[in-house]
1. Could you work out the relative contact order of the chain, using alpha carbon pairs under 8 angstrom and six or more residues apart, expressed as a whole percent?
2. Taking the beta-carbon count within 10 Å as an exposure proxy, list 58, 40, 13 from fewest neighbours to most.
3. 222 nm [θ] for the chain, helices only, -39500 (n - 2.57) per DSSP H run of 4+, per residue, to 500?
4. Arranged by the count of other C-beta atoms within 10 angstrom, fewest first, what order do 49, 11 take?
5. Which distance in nm do the two modelled labels at residue 60 and residue 43 give, with both placed 7 Å along the Cα-to-Cβ direction?
6. Cut-off 10 angstrom, C-alpha nodes, Gaussian network model of the chain. Which of 43, 12, 68 fluctuates the most?
7. Order of 56, 17 from fewest to most other C-beta atoms within 10 Å?
8. What GluC sites (Glu not before Pro) does segment 1-78 have in DSSP loop regions with at most 12 other beta carbons within 10 Å?
Amino acid sequence: MRKKWIKEETFVDQQVLDELSTKLTCPPVIAKLLVLHGIDTPVKAEIFFHPSIEDLHDPFLFKDMDKVVERIIRAVERK
């Protein structure tokens, strides 16, 4: 059975696309993908393409992360 993907067209401001594409020197389709994912400025794109450790989310915001850490420590101790 063949599947047909249907995605509604999302409006993206052409001026934002043009500016992002120009500043990043990337094809418009790449700029559009970035904008569709909330990356709509050169600064946000820089953070996305060259993240630092400060840009990461706190892993302890995940549910039961403390249990995961305890389990990993136990596994390392028991080899």
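Laboratory data are not the source of any read-out in this text; all were calculated from the coordinates shown. Owing to the predicted nature of the structure, the values given are computational and were not obtained by experimental measurement. We place every Cβ from the backbone using ideal geometry, glycine too, and count neighbours over all the protein chains shown.
1. On the way: 30 pairs, mean separation 14.7, N = 79.
19 percent.
2. Working: 58 7, 40 18, 13 10.
Neighbour counts put them in this order, fewest first: 58, 13, 40.
3. Numbers: 4 runs with 42 residues, N = 79.
About -16000 deg cm²/dmol.
4. Details: 49 10, 11 5.
Listing 49, 11 from fewest to most nearby Cβ atoms yields 11, 49.
5. So the label points at residue 60 and residue 43 sit 2.9 nm apart.
6. Top of the fluctuation ranking is 68.
7. Numbers: 56 8, 17 18.
Neighbour counts put them in this order, fewest first: 56, 17.
8. Numbers: sites: 8, 9, 19, 46, 54, 70, 77; in loops: 8, 9.
Sites meeting the loop and neighbour criteria: 8, 9.
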